[in-house]
1. So, in the stretch B:111-129, how many residues would count as being over 30 Å from residue A:113 (Cα atoms), open to solvent by less than 10 Å² (accessible area, probe 1.4 Å) and out of contact with any Phe, Trp or Tyr (no Cβ under 7 Å at 6 or more places or on another chain)?
2. Out of B:151, B:132, report the one residue that is within 14 Å of chain A (Cβ to nearest Cβ), touching a Gly at 6+ places or on another chain (Cβ under 7 Å) and open to solvent by less than 10 Å² (accessible area, probe 1.4 Å).
3. Is there a residue being open to solvent by less than 40 Å² (accessible area, probe 1.4 Å) and of a type in the set (Ser, Thr, Tyr) anywhere in the stretch A:84-94?
4. Could you grab me the full set of residues in the stretch A:91-106 that are away from ligand 1 (no atom under 16 Å from the Cβ), part of a loop (DSSP other than H, G, I, E, B) and modelled with pLDDT of 95 or more?
5. Mind checking which pairs have a first residue in the stretch A:57-79 that is under 15 Å from residue A:99 (Cβ atoms) and a second that is away from ligand 2 (no atom under 11 Å from the Cβ) and charged (D, E, K, R), Cβ under 8 Å, 6 or more apart or different chains?
6. Within the stretch A:194-220, track down each residue that is away from ligand 2 (no atom under 16 Å from the Cβ) and open to solvent by 40 Å² or more (accessible area, probe 1.4 Å).
7. Restricting attention to the stretch A:163-177, report how many residues are open to solvent by 10 Å² or more (accessible area, probe 1.4 Å) and either part of a helix (DSSP H, G or I) or within 16 Å of ligand 2 (Cβ to nearest atom) (or both).
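The values are calculated or read from the model by the stated rules, or taken from the named source; none is laboratory data. Nothing here was measured: the structure is a model prediction, and the numbers come from that model. When we count neighbours, we look across all protein chains shown, and the Cβ atoms used for this are built from the backbone with ideal geometry, even at glycine. These area figures cover heavy atoms from the full protein model, side chains too; ligands, DNA and RNA do not enter into them. Shrake-Rupley method; radii C 1.70, N 1.55, O 1.52, S 1.80 Å.
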Amino acid sequence: MATTSMQRPDMSLTDGAAIRLRDIRKSFGSIEVLKGVSLDIAPQEVVCIIGPSGSGKSTLLKCINLLQPPSSGTIIVNGVELTAPKADVNKARSTVGMVFQHFNLFPHVDILQNVAMALTTVKRMPKREAERIARMQLERLELGALIHKRPADISGGQQQRVAIARALAMEPEVMLFDEATSALDPELVKGVLDVMKELAHSGMTMVVVTHEMGFAREVADRVVFMDDGVIAEQGVAREVLTAPRSPRLQEFLSQVL
Amino acid sequence: MDAFIHTFFDIGEMLKVFPTLLTEGLKNTLFIAVLAALLGLVIGMVLAMMLLSRSWFLKFPARLYVDIFRGLPAILTISLVGLGLPAADIRPFGRSPIGYAVLAVALISAAYCAEIFRSGIQSVNDGQMQAGRSLGMTYLQTMRKIVVPQGVRNVLPALTNRFIIDIKESSLVYLLGLTVGQRELYFIAHQQQAISYNSSALVAAGICYLMMTVPLTYLVNAWDRRLREGRRSLKLKPATRLSEV
Ligand SMILES: Nc1ncnc2c1ncn2[C@@H]1O[C@H](COP(=O)(O)OP(=O)(O)OP(=O)(O)O)[C@@H](O)[C@H]1O
Ligand SMILES: [Mg+2]
């Protein structure tokens, strides 16, 4: 009885939060990288995570969809407890889109197949249907002209937008971004940030690890500052970024701004 | 000098065996090598998956297999399989030695293919697995559709090299006592040499082997160069610079 109810989305588990992290800890060997992180993210909320290199931002983000299983703690996404022993992690992951710093497109297939692949394998769509949706998603991001190219033959900005299209084609309820623009040449950053802004305005729930303080200030509902494996400070974007309370955040902001 | 030429390059002796080499030997050599290579690829891929598994129960037997079959001389493995199995009344291929010959070469080839596949798969950037999994694909789906195709492409030259060795190793099955019609290149030449005490038949067989192996060697080199250059030109492009590291 407990196992079946765990599979079914139950938003009352989290009082309506789209993502609930409770006391997440993660160690690599003897090094503890996350030292007890708790965070609730509401549906349609945009949360930016900032913090110095090595503070555990990527690790936390990868915990949310269990790419990095936490050593301990509870993760509930869209009413499904992923840390429950019998959780259908693959199914849950298909509702959480992830965009990586280095795009991680599939270099051996064309752009259209990059987007369509998960639709046929995970959603078991017929090939034609999958390709129709992939094409639509790519056109929406103004990538329609590139569908028969290989990832290596398009610009980094285009690659990252394909990666976003690939995630969006799965119709996720949550999108995770891990420094989506930091591997891009400066002139290509804006195009990707524009897509992310649009997505935020459309009501997508987003967790965005970023060094783009302008983006955080403009788009984020909340900014979370991580330092040394814990959330050191958080709050409304404008307040956190303009009137930091902790000395560590003050120091961090003075370095990046 | 005349004796040397007579022993190794007697045109008459060569012409005597060439028809048999080409009609019977070449066919059987290729039959053994190709079938063994295909079987070796399949078993090798399964072994590679086991080697990459986190489960000790899968990894250990695969490791053991690979270490044993890579560590034994080919001629010993071929004797064990081709002479040993039938003697122990294990006769999946009846009395015909050719089935045992294929199996023996395949078992050896599989051990090497396993290591080749493993290294190829491990050379694929970890981000590929993460991207596949993040979309909800299972480990095996991600392996099959994303990681393995890329990994295999990286090791095509190494696999072709292995096929060259399969061709050469197929000659060792002569010790299973092939009958007329089953004889591969070396066996035919060996028989002729035993009759005539002249090595020209062996040279003729050697020419047949070289006709297969030398072009393949050049193919491997060209392939290898292209893969290397492809990788380098990708690195130079700013768009993919970082995703390549
Ligand atoms: N797979 C891993 N194995 C071992 N250590 C790891 C692994 N992944 C991350 N770490 C370590 O965990 C710590 C936090 O890494 P993480 O990538 O989460 O930091 P980050 O805040 O994202 O930093 P950056 O801004 O540089 O991306 C680092 O010290 C890193 O070396
Ligand atoms: Mg990071």
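1. 0
2. Exactly one residue qualifies, and that residue is B:151.
3. Yes, the stretch A:84-94 contains a residue that is open to solvent by less than 40 Å² (accessible area, probe 1.4 Å) and of a type in the set (Ser, Thr, Tyr).
4. Just the residues of the stretch A:91-106 that are away from ligand 1 (no atom under 16 Å from the Cβ), to begin with: A:91-97, A:105-106.
Among the residues that remain, those that are also part of a loop (DSSP other than H, G, I, E, B) are: A:94-95, A:105-106.
Within the stretch A:91-106, A:105, A:106 meet the criteria.
5. Correct list of pairs: A:65/A:93; A:67/B:133.
6. A:194, A:197, A:198, A:201, A:202, A:214, A:217, A:218
7. Final tally of qualifying residues: 1.
So that you can scan it fast, the table gives a plain yes or no per residue for (1) over 24 Å from residue B:182 (Cβ atoms); (2) within 14 Å of chain A (Cβ to nearest Cβ); (3) touching an Asp or Glu at 6+ places or on another chain (Cβ under 9 Å); (4) in a helix (DSSP H, G or I):
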position	(1), (2), (3), (4)
B:81	no, no, no, yes
B:85	no, no, no, yes
B:99	no, no, no, yes
B:102	no, no, no, yes
B:115	yes, no, no, yes
B:142	yes, yes, no, yes
B:145	yes, yes, no, yes
